[in-house]
Amino acid sequence: MKRRRYVTDVKRLDGKTVLITGGNSGVGKETAVALATRGARIIVACRDPEKARRAVTEIRLQSRSLNVCHMDLDLANLSSVRGFCKDFLQKEKRLDILINCAGMPSVLDWTDDGFSMCFGVNHLGHFLLTNLLLPRLKESAPSRVITLTCSSYKYQKLDFQDLNYNLLPFFTYCRSKLANIYFSQELARLTEGKGVSSFAVHPGFVQSGWTSHYSFLFRMLMQVVMWMFFVSTEIGAQTVVYCAVSDEAAKHNGGYFVDCRPAVLRPFARDEGVAKKLWEASERLVKLA
Ligand SMILES: NC(=O)c1ccc[n+]([C@@H]2O[C@H](COP(=O)([O-])OP(=O)(O)OC[C@H]3O[C@@H](n4cnc5c(N)ncnc54)[C@H](OP(=O)(O)O)[C@@H]3O)[C@@H](O)[C@H]2O)c1
């Protein structure tokens, strides 16, 4: 069933800086428009400068705000993530809201560092990005980190013997989205009392650009399915915007949100031990220490 709840909170975000990965497309772009309209400074972090420039123009036009720019970031390359963060920390004095929105659907491919594309981009790239930007988030407290996940997390569990699993594409995607949930919860625990809140969001099933990774035939088929069953990007962005602005959301640090309200996760996805283990494994994989 299509979800249709809208954010009712009309809070302005003047003076706040928002960084959105994948802000050139789909849910990320729509979120950028919504938050720029509320007065925030928006930085969209994208891997394709040409797409980014086009998106910035559209976001500026739709939000009637000139306070929108882009920076280059390829989450499939950990050197790019490190370079981006160095640049960001030099240029930007605030980071009030970080939205980890970029994502890859199920594709059998590998990142430049040899990780499965889904796990590398959806989880590890964002893990490193958030950790390197954490000092700025703490300085800008109260700040928020919003990480996009998917309700399909429930179809898989993590295998610590094979975190880099890349066999059945859909399951690879489910695992990466489960990793997003553990990451979001552990971040909330580690930053408890430091003014940084962390939320995981399932945006619903959205008519976005994710089919661009597939063949023409599949894209045509999915156009019909998406038209019938998926929601618009405007509705898909609502829960992200809700977590960015709502005081009610702030009461659920570490929470999982669907359709502009907290939702209940399957018990295995709330396992603190697994979340901690994933955090430590991710630190080793991205060589954070
Ligand atoms: N659409 C749905 O039904 C749905 C359902 C549940 C969860 N989600 C989640 O929602 C989030 C947004 O997805 P969407 O539906 O809006 O899809 P989308 O339109 O395909 O947007 C994905 C964004 O991620 C960016 N991206 C991909 N790989 C990247 C990389 N290596 N470095 C930097 N950016 C990269 C894409 O950039 P390019 O344009 O350059 O490719 C694009 O801007 C994702 O995390 C997704 O898993 C979506």
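Observations on the model:
- Within the stretch 148-163, the set of residues being within 16 Å of the ligand (Cβ to nearest atom) and either without any contact (Cβ under 8 Å) to a residue 60 or more places away in the chain or closer than 12 Å to A281 by Cα (or both) comprises C150, S152, Y155, Q156.
- Among the residues of the stretch 92-109, those identified as surrounded by fewer than 23 Cβ atoms within 10 Å (Cβ to Cβ), closer than 30 Å to V245 by Cα and more than 10 Å from the ligand (Cβ to nearest atom) are E92, K93, R94, D96.
- Criterion (out of contact with any strand residue (DSSP E or B) (no Cβ under 6 Å at 6 or more places or on another chain) and surrounded by 14 or more Cβ atoms within 10 Å (Cβ to Cβ)) met by exactly one of A34, A45, A52: A34
- Test: residue in the stretch 70-77 that is more than 21 Å from V145 (Cβ to Cβ) and surrounded by 20 or more Cβ atoms within 10 Å (Cβ to Cβ): no
- Helices (runs of 4 or more DSSP H) wholly inside the stretch 212-289 that include at least 3 residues being at pLDDT below 95 and either in contact with a Phe, Trp or Tyr (Cβ under 7 Å, 6 or more places away or on another chain) or of a type in the set (A, V, I, L, M, F, W, C) (or both): 216-229
- Taken over the stretch 52-81, residues that are touching a residue at least 40 places away in the same chain (Cβ under 8 Å) and either among the hydrophobic types (A, V, I, L, M, F, W, C) or assigned to a helix (DSSP H, G or I) (or both) amount to 5.
- Scanning the stretch 110-144 for residues that are surrounded by fewer than 18 Cβ atoms within 10 Å (Cβ to Cβ) and either within 15 Å of the ligand (Cβ to nearest atom) or assigned to a helix (DSSP H, G or I) (or both) turns up W110, D112, D113, G114, P135, K138, E139.
- Among residues of the stretch 16-45, those that are near the ligand (Cβ under 8 Å from one of its atoms), over 14 Å from V201 (Cβ atoms) and part of a helix (DSSP H, G or I), counted: 1
The values are calculated or read from the model by the stated rules, or taken from the named source; none is laboratory data. Just so you know, these numbers come straight off a predicted model, no measurement behind them. Positions of Cβ are backbone-derived with ideal geometry, glycine not excepted, and every protein chain shown enters the neighbour counts.
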